[in-house]
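Here's the structure we're looking at; comments come further down.
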Amino acid sequence: MSAGRGMLREALLGLRFGIVGVAASLTHFAVLTALLSLAKAGPVLANTCAYALALGVSFTGHHFWTFRTGGPLVRSFLRFLGASGGAYVVSTLVLVALLRATALPDAMAALLAVAVMPLVTFLAHRFWVFRRRD
């Protein structure tokens, strides 16, 4: 594979990753909003349900479309859960470090911490969760 073709493949992979991420985020927001306003669910229950549904959208999209993995579904899903948990830990550590080491407002520190999530999860998914076993 030529370098240009490899770069195009990676760019398309990144684009698909972003599209699935946006779909999962919109799912999370829509379900959370609906449960809070229509079902009058409590915020923790609503967020947990919304997160679970968004996680399903994310896994399904990445497994079958972004990375087009033919590997065992259960193994991929367990690794996906591990990568998601790891990304959460990294994001939380970044947030705590920013809050302790800078004078940034809480919201700005949180935004920066959240911004690392797509990069961490993309790398984990690309090179571990959905790695091709050619």
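The values are calculated or read from the model by the stated rules, or taken from the named source; none is laboratory data. Quantities reported herein were computed from a predicted structural model and do not represent experimental measurements. FYI the Cβ positions are ideal-geometry reconstructions off the backbone, even for glycines, and counts take in every protein chain you see. We work out accessible area using only protein heavy atoms, side chains counted, and drop any ligands, DNA or RNA first. Shrake-Rupley method; radii C 1.70, N 1.55, O 1.52, S 1.80 Å.
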**Prompt:** Pick from region 46-70 the residues that are of a type in the set (Gly, Ala, Ser) and surrounded by 16 or more Cβ atoms within 10 Å (Cβ to Cβ): which of them is nearest to the chain's Cα centre (by Cα)?
**Reply:** 58
**Asked** Can you spot a residue in region 59-82 that is in contact with a Ser or Thr (Cβ under 8 Å, 6 or more places away or on another chain) and aliphatic (A, V, I, L, M)?
**Response** no
**Asked** Is it the case that residue 26 is aliphatic (A, V, I, L, M) and over 18 Å from the mean Cα position of the chain (by Cα)?
**Response** no
**Request:** Kindly provide the set of residues from region 82-110 that are of a type in the set (A, V, I, L, M) and without any contact (Cβ under 8 Å) to a residue 12 or more places away in the chain, ordered by number.
**Result:** 89, 93, 96, 97, 99, 101, 103, 104, 107, 108
**Request:** Test residue 41 against the stated conditions and say whether it is part of a helix (DSSP H, G or I), more than 27 Å from residue 125 (Cα to Cα) and over 20 Å from the mean Cα position of the chain (by Cα).
**Result:** no
**Item:** Hits in region 78-127 - residues which are aromatic (Phe, Trp, Tyr) and more than 17 Å from residue 25 (Cα to Cα)
**Value:** 127
**Prompt:** Given (1) surrounded by 13 or more Cβ atoms within 10 Å (Cβ to Cβ); (2) free of Cβ contacts under 8 Å to residues at least 24 places away in the same chain; (3) in contact with a Leu (Cβ under 9 Å, 6 or more places away or on another chain), where does residue 24 come up short, assuming only one miss?
**Reply:** (2)
**Prompt:** In region 71-103, which residues are among the aliphatic types (A, V, I, L, M) and open to solvent by less than 60 Å² (accessible area, probe 1.4 Å)?
**Reply:** 83, 87, 90, 94, 95, 96, 97, 98
**Request:** Within region 72-81, identify whether any single residue is in a loop (DSSP other than H, G, I, E, B) and either without any contact (Cβ under 8 Å) to a residue 12 or more places away in the chain or closer than 18 Å to residue 22 by Cα (or both), and answer yes or no.
**Result:** yes
**Asked** Of the residues 68, 9, which single one is under 26 Å from residue 131 (Cβ atoms) and not in a helix (DSSP H, G or I)?
**Response** 68
